[in-house]
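Okay, structure first, notes after.
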Amino acid sequence: MNSKKIFISTLFFLFSLSIISSAQVQINGSLDLELSGGGEESRFITNGISKKFSELNLAVTQLNAFLFAPVSDNIFFESRIQLDTWGSGKLNPPRISLASLTWDNPDNSYIVKVGRFISPFGFYTKRQLSTDRVFVQHPLAYSYFTNMSDIRGYWPEAGNNTNEEYEEGDVGLSTLYFAGYVTGIGTQLEIKKNRLFLDAAITNGTPITIRNRSSLPNVALTSRLFYRPSVFWEQGISMSFGNFMQGDPLNNSVRSQESFQKFYQLLLGADTKIAFTYFEIISEVIYSNWKTPAFISNQFNTSCVGNLCEYNLSNLSGNIDFKFEPPSLTGSYIAFRAEHLLFLNANDPESNSSFDWDQDVSRLSAVFGYKFAPNALLKASFSDQGDFDLSESAFRLQLSSFF
């Protein structure tokens, strides 16, 4: 019922904006139809395939409605209403994933936006739609769930150690939120015309945050500096620092004694894109560091002089994508991705001994794509990860369209 109310209220609000605007409102949509299947150990939080639908399954995996509504000559509103199968494998209720108001004066070299918008961090967050992405699956940093929870902190029973699925409860978090949206206020600044740009935002949490609203007074600064030295080379550097923990009845008792605002996530990233003739190479490296509490043996670890033990945990992810467009078959491409997510050893705050706080994972992916119309893309992809014994493999045949 709440989803229906949100959906109807949003439509009414957007209709009201269109009435007060003298310019034409733009309405677009996109649709993803997918035939998918996976190995016997498939789960959404590891390889993106829900265990309930690991057998070959044909479904509409995403349906979007986009609205662009000018409010004045320099101000416009944009929104995305999204239905998808994320987490459950079944079509979820509609939600508003994008809703922002932007001030953009063409006489200035910057814009200002407020609301819920695309995170500045990283390369792949900018490729929101399947028609914009080479691969079907996001890289490990965006899609593989770790032993980090926003209500428990470090939790050894999350990520690949849990038997639960995404929709069944707290299963941990990926290093960055796979949907790529944040809530706050941001700006985009053109420092050097057509060459150097800065995208920055103050938000209600670091890019790990999956919630539209924070239950605590969280704040984070996120930015990306983008440099285009030539037509075939693009370079990006990203940074984010701020709070990520959330309030919950589970942690009320410990929060009454110690503030969760002292816990944080630091993200550093670098991405490169090189394109020449029929080839494209994209690479991204992301380092994440958390200062976090720990939830061990079904309780918060408060054995550090009677206080919450503070853990310092880090991981490092990297991927490289190779894409080739055969000149003999216009509109087609072949691409390969190799990636690894490394969990750096941590020190126990009580014994100061080293321990592994999560398990490393590697993934290899291959995809064939064919754009048979300007706004229609067909992709056939296969990936395997972990032990590479096909138990966590994933096959996807995806048809994406934008209209």
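With Lys291, Lys262 as the choices, which residue is of a type in the set (Lys, Arg), exposed (fewer than 14 other Cβ atoms within 10 Å of the Cβ) and either modelled with pLDDT of 95 or more or more than 18 Å from the chain's Cα centre (by Cα) (or both)?
The match here is Lys262.
Does Leu221 qualify as being surrounded by fewer than 16 Cβ atoms within 10 Å (Cβ to Cβ), closer than 24 Å to Glu310 by Cβ and touching a Phe, Trp or Tyr at 6+ places or on another chain (Cβ under 8 Å)?
Against the criterion (surrounded by fewer than 16 Cβ atoms within 10 Å (Cβ to Cβ), closer than 24 Å to Glu310 by Cβ and touching a Phe, Trp or Tyr at 6+ places or on another chain (Cβ under 8 Å)), Leu221 qualifies.
So which of Gly236, Gly205 ends up being touching a Lys or Arg at 6+ places or on another chain (Cβ under 8 Å), crowded, with 18+ Cβ neighbours inside 10 Å and not in a loop (DSSP other than H, G, I, E, B)?
Checking each option against the conditions leaves just Gly236.
Among the candidates Asp321, Asp356, which residue alone is in contact with a strand residue (DSSP E or B) (Cβ under 9 Å, 6 or more places away or on another chain) and exposed (fewer than 14 other Cβ atoms within 10 Å of the Cβ)?
Only one candidate passes the filter, namely Asp356.
Among the listed residues Thr131, Thr46, identify the single one that is of a type outside the set (Asp, Glu), more than 26 Å from Ser214 (Cβ to Cβ), in contact with a Leu (Cβ under 6 Å, 6 or more places away or on another chain) and assigned to a helix (DSSP H, G or I).
Thr131
Residue-by-condition table, conditions (1) at negative phi; (2) surrounded by 13 or more Cβ atoms within 10 Å (Cβ to Cβ); (3) among the small types (Gly, Ala, Ser):
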residue: Leu329; (1), (2), (3): yes, no, no
residue: Leu341; (1), (2), (3): yes, yes, no
residue: Leu344; (1), (2), (3): yes, yes, no
residue: Arg363; (1), (2), (3): yes, yes, no
residue: Ser393; (1), (2), (3): yes, yes, yes
residue: Ser401; (1), (2), (3): yes, yes, yes
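May I ask you to list the residues in region 94-124 that are in contact (Cβ under 8 Å) with a residue 60 or more places away in the chain, in contact with a Phe, Trp or Tyr (Cβ under 9 Å, 6 or more places away or on another chain) and not aliphatic (A, V, I, L, M)?
Once the filter is applied, which keeps residues that are in contact (Cβ under 8 Å) with a residue 60 or more places away in the chain, in contact with a Phe, Trp or Tyr (Cβ under 9 Å, 6 or more places away or on another chain) and not aliphatic (A, V, I, L, M), region 94-124 yields Pro94, Arg95, Ser97, Lys113, Gly115, Arg116, Phe117, Ser119, Gly122, Tyr124.
Please enumerate the residues belonging to region 155-190 that are touching a strand residue (DSSP E or B) at 6+ places or on another chain (Cβ under 8 Å) and under 20 Å from Leu268 (Cβ atoms).
Leu173, Ser174, Thr175, Leu176, Gly180, Val182, Gly184, Gly186
Return a yes/no flag: does region 170-181 have any residue that is without any contact (Cβ under 8 Å) to a residue 24 or more places away in the chain, of a type in the set (D, E, K, R) and part of a loop (DSSP other than H, G, I, E, B).
The answer is yes; a qualifying residue exists.
The values are calculated or read from the model by the stated rules, or taken from the named source; none is laboratory data. Note that the coordinates shown come from a computational prediction; the quantities given were computed from them, not determined experimentally. Backbone-built Cβ (ideal geometry, glycine too); neighbour counts: all protein chains shown.
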